[in-house]
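To start, the structure under review is shown below, and the notes come after it.
Values in this text are rule-based calculations from the coordinates and carry no lab data. The structure displayed is predicted, hence computed values, not measured ones. Because the Cβ atoms are built from the backbone with ideal geometry, glycine has one as well, and the counts that use them run over all protein chains shown.
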Amino acid sequence: MFSDLLQRVHLLLAQAPLWDGSSNIFGVSAGGYEEGKGEGAIAILLVDAENIGLTVEGEKFLQSICQFPIQIKIAFANWRNSNMSKRDLVLHKRGYQLVHVPSGKNSADLQMTAIGSSVFVHYPTAKEIIICSSDPDLNHLSNILRTRGLAVYSVVKQGKSLVISNYTTGAVETHFPTGSGVSSGYALEQEITRILKDLTDPLPGTYISISTLSTQFKQLHGQSVTEVMKDLNLGSKYIKFLQTCSDLKLRLTDNGWQVSLCNDLFDA
């Protein structure tokens, strides 16, 4: 079923007129892009958020290898999935457009292909596309975009590292995370508090599970709270560290420990 739908998407796009970089297929000016100077040209980031947790550090690395600024960021996931709890809020704050996909093995890939294949129409100044997914089926999407004259990068995750392949030049680079960037117990407490505030911003005073908080920390920093604690010689008991944080309050429920901000931080 998925391969049939994918072929239909490719067939429709193959029949579309090629974009020459000066205007889109409707004859509208391409946002000030000037051939040879790249003025107004942009890069677009597509992320399968369920399979690749792109940290802020990883995102900055991707920007460093692009010739043009990443101005459009789109994350694909089943946002109702409990494993994605609260991550939609954080990604939204990081400037991502969020695309919901239904549950299913290939749903995110199909949506990414359908939307990614038409970016040259919706964003005519796009010159680079970064595709973050571990699914080889998206090689078809890469080929379609290359025929439209876009530079395409493929990003896959290997352990904690990101492997970036430039389909145009064949070059391959690997990004090794340098750590959380948290250098002290106080800095760790402040970062946990900031993340918790982001996660509960719509409803101040909300309790969330400490596992959700830990998952989001790892998504942002590439290391878990416990790993950072060990690096800083703060022990290895996550719950004990949270209990020492003056800005947090905890409660034990039938489903495990939950955490919230102290009342005086709601408007801080």
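Net charge in the neighbourhood of Ile129 (other residues with Cβ under 10 Å of its Cβ; Lys, Arg +1, Asp, Glu -1) is +2.
Would you please give the FRET efficiency between Ser184 and Leu250, computed as 1/(1 + (r/R0)^6) with r the Cβ-Cβ distance and R0 = 30 Å, to the nearest 0.05? All intermediate terms of the calculation are to be shown ahead of the outcome.
Details: r = 22 Å, r/R0 = 0.73.
Plugging the Cβ-Cβ distance into 1/(1 + (r/R0)^6) gives 0.85.
Assuming charge only on the beta carbon of Lys and Arg (+1) and of Asp and Glu (-1), the dipole of the range 161-229 about its Cα centre is about 60 debye to the nearest 20.
Annotation: lysines with alpha-carbon distance below 29 angstrom to Lys127 (same-chain offsets under eight excluded): Lys37, Lys60, Lys73, Lys93, Lys157, Lys160. Ordering 168-175, 186-193, 44-51 by mean Cβ neighbour count within 10 Å, with the highest value first, yields 44-51, 186-193, 168-175.
Mind ordering 207-213, 151-157 by average Cβ neighbours within 10 Å, highest first?
On the way: 207-213: 17.7, 151-157: 20.1.
The most tightly packed comes first, giving 151-157, 207-213.
The gain in end-to-end length when the Gln71 to Ile115 segment is fully stretched comes to 14.2 nm, 0.36 nm per residue minus the alpha carbon separation.
Charge tally around Thr168: other residues with Cβ under 12 Å, Lys/Arg +1 each, Asp/Glu -1 each, net +1.
Sorted by average packing, counted as other Cβ atoms within 10 angstrom per residue and highest first, what order do 58-65, 199-206, 141-148 take?
Numbers: 58-65: 16.6, 199-206: 13.6, 141-148: 18.1.
Going from most to least packed, we get 141-148, 58-65, 199-206.
Please report the relative contact order for the range 125-268, taking Cα pairs under 8 Å with a sequence separation of at least 6, and give it as a percent rounded to a whole number. Don't jump to the answer; show the numbers that get you there.
Details: 171 pairs, mean separation 23.8, N = 144.
RCO, the range 125-268: 17 percent.
Each of Leu150, Ile164, Gln190 was placed along the dipole of the range 97-221 (beta-carbon charges, centred on the mean Cα), and the one lying farthest toward the positive end is Leu150. Couplings 3J(HN,Hα) for the range 246-252, derived from phi with the Karplus relation 6.51 cos²θ - 1.76 cosθ + 1.60 (θ = phi - 60°), are 5, 8, 10, 10, 10, 8, 9 Hz, where x marks Gly and Pro. The gain in end-to-end length when the Thr169 to Arg146 segment is fully stretched comes to 7.1 nm, 0.36 nm per residue minus the alpha carbon separation.
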